[in-house]
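Single-structure report; data block below.
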Amino acid sequence: MHRLGIWTAAGCAFSAPALAQEPASGIEGRWAGSVVLPTGELPFSVTFEATDGALSATMDIPAQGALGLPLTAVSYTDGRVHFELRASIGLAVWDGAHDGSSIEGGFTQGAARGTFTARRADPAATEPEEPVPYREEEISFENGDVHLEGTLTLPEGAGPFPAVVLITGSGPQDRDEVVFGFPVFRVLSDHLTRQGIAVLRYDDRGVGGSTGSVPGSTTSDFAGDALAGIARLSVHPDIDPARVGLLGHSEGAAVAPLAASRSDAVRFAVLLAGTSVPGTEVLYEQSAAMQRASGVGDEQIAWNTDFQRRLFAAMEAGEDLDGYREELGVRIRDGIDRLSEAQRAPISDVDGHVQTQVDQQINAVQTPWFRHFLTFDPSEALRGTRVPVLALFGGLDLQVLVDQNRGPMAEALAGNPDVTIEEVPRANHLFQAATTGSPVEYAMLEKTFVDGFLDTISDWILARFGN
């Protein structure tokens, strides 16, 4: 439940280009960083574009499912960078200095005061070299009334080839699973295809060319989407249907065994940072670990965990949540009351500010996806998975903790004769080489996987399903 409720609502922002008074080449491109507040940190990325002397920008906040938010009051003058985001809970303002390699400065939104740092994200470091030595096809398929679109990459030479369908993590993701400038699935797909494995990656529901809605769907629905992708590949002339499997990341690693337990068409499963305990337990540990890494005090962590437990129990029992809205509102209001008079001054409507934050947090946990996630136990599907399984965990992952999930996963898969479970040292949730594993680092790290990660996956697949 601990989220930084300081911004957004995608429909509340609009764009207004500003005059670029310095050469655009000094600021153009994508910058990734995080806002640091007393309550924690929240990563973001901002992309600047200059057209005919006018500078504009958009922002991504993936942790809140917000992508491509248009910014206002964008300017770059005398080494100073300024941009703003209009949101329902107040105008968020960034103002900082650009030194060529980073942008550092102050952040304000209502009573919130903090700092931010952003560094240039180099997309060229993760782009496959052109021309790529393989074929690419645009692929579409259906799961009931949901239309899904993606890209199929086919190795050089004559098929049929082994193939894998990629399944993204939670939240609306595009086919490349871009997280703070790191196109996780595009880099993974490029490697596997070069090794002789065909790959299908597709846009999530409601993203790109795909229809439907992620918040309005469930993990079970996503398993149906993955099986529809398997079915589409099974009739492709260059794919061997006897050598087609699934690879899921994060929530996708819970979707994959669910799909595999439902259909014999799935011949193997690769699980990256997958959970093996009920969603409530994942959230309690994830929330506490991420807060602790952000410097949140023990008292606040304890309150958050207790509030989560009581709220989720009330939801499962079908109780009215008005009391929890009131309790959360009191907590938020107490925080405002502890601010100085100068800090409270920008909040012209305290009641409205509190109500907006309460609504955002309580409404988010009442979506069909979240309700299903809370009670979903991946161990049941893992026990029903009889195909070969490779499961990898990041040793520094704070979103899916290896100590919480590795043991139960091994126990659930104990009846499967071909299971490999490994921990990747110093790797975070994205399997980047990390220092702390905190999501705050994601934007700052090199947009590559930790050494040996890609080879581990391709070698395992080819050892079982190669030519």
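The values are calculated or read from the model by the stated rules, or taken from the named source; none is laboratory data. Remember, predicted model here, so these are calculated numbers, not experimental data. Virtual Cβ from ideal backbone geometry, glycine too; neighbours counted across all protein chains shown. Accessible surface is based on the protein model in full, side chains and every heavy atom, while ligands, DNA and RNA are left aside. Shrake-Rupley method; radii C 1.70, N 1.55, O 1.52, S 1.80 Å.
Could you check how much of the accessible area of the range 178-243 is carbon and sulfur, as a whole percent, using a 1.4 Å probe?
Reported share for carbon and sulfur atoms: 54 percent.
Out of all Cα-Cα pairs in the range 197-279, roughly what percent, to the nearest whole number, are more than 16 Å apart?
Within the range 197-279, distances greater than 16 Å cover 52 percent of Cα pairs.
Once the other residues with Cβ under 12 Å from the Cβ of Arg309 are scored (Lys, Arg +1; Asp, Glu -1), what is the net sum?
Local net charge: -2.
Provide, as a two-decimal number, the C-alpha radius of gyration of the range 224-331 over 2.2 N^0.38 Å, N being how many residues it has.
Expressed relative to 2.2 N^0.38 Å, the Cα Rg reads 1.54.
Work out the length of the dipole vector of the range 333-467 about its Cα centre, built from +1 on the beta-carbon of each Lys and Arg and -1 on the beta-carbon of each Asp and Glu, and round it to the nearest 20 debye.
260 debye
Measure nothing but the geometry: give the 0 to 90° angle between the long axis through the Cα atoms of 219-234 and the longest principal axis through the Cα atoms of the chain, rounded to 10°.
40 degrees
Return one number: the angle in degrees, 0 to 90 and rounded to the nearest 10, between the long axis of the Cα atoms of helix 402-412 and the longest principal axis of the Cα atoms of the chain.
Helix 402-412 sits roughly 30 degrees off the main axis of the chain.
For the range 380-439, what class follows from the C-alpha gyration tensor (a ≥ b ≥ c being the square roots of its eigenvalues): rounded when a/c is under 1.5, otherwise prolate if a/b is larger than b/c, else oblate?
prolate
Put a dot 7 Å past each Cα toward the Cβ at Ala158 and Asp306; how far apart are the dots in nm?
Placing both labels 7 Å beyond Cα along the Cβ direction yields 7.1 nm.
Set the Förster distance to 25 Å, then compute FRET efficiency between Ala364 and Arg333 from the Cβ-Cβ distance, nearest 0.05.
Approximately 0.80, to the nearest 0.05.
Could you tell me what percent of the accessible area of the range 374-467 is made up of carbon and sulfur, with a 1.4 Å probe and every protein chain present?
Of the solvent-accessible surface of the range 374-467, carbon and sulfur hold 48 percent.
Let me make sure I get this right: for the range 339-465, a, b and c are the square roots of the gyration tensor eigenvalues over alpha carbons, sorted descending. Under 1.5 in a/c it's rounded, otherwise prolate if a/b > b/c, else oblate. Which is it?
oblate
Using only the Cα atoms, what convex hull volume per residue in Å³ does the chain have?
Cα-based convex hull of the chain, divided per residue, equals 146 Å³.
Suppose each label sits 7 Å from its Cα in the direction of the beta carbon; what would the Ser220-Asp320 distance come out to in nanometres?
2.9 nm
Please figure out what share of the DSSP beta bridges in the chain is antiparallel and state it in percent, rounded to the nearest 5.
75 percent
Between the range 414-451 and the range 131-200, how many Å separate their Cα centres?
20 Å
Count charges around Phe180 for me, please; just the other residues with Cβ under 9 Å from its Cβ, Lys/Arg as +1, Asp/Glu as -1.
Net local charge, Phe180 excluded: 0.
Sum -39500 (n - 2.57) across every DSSP H segment of at least 4 residues in the chain, then divide by the residue count to get the 222 nm mean residue ellipticity, nearest 500.
Here the helix-only value at 222 nm equals -9500 deg cm²/dmol.
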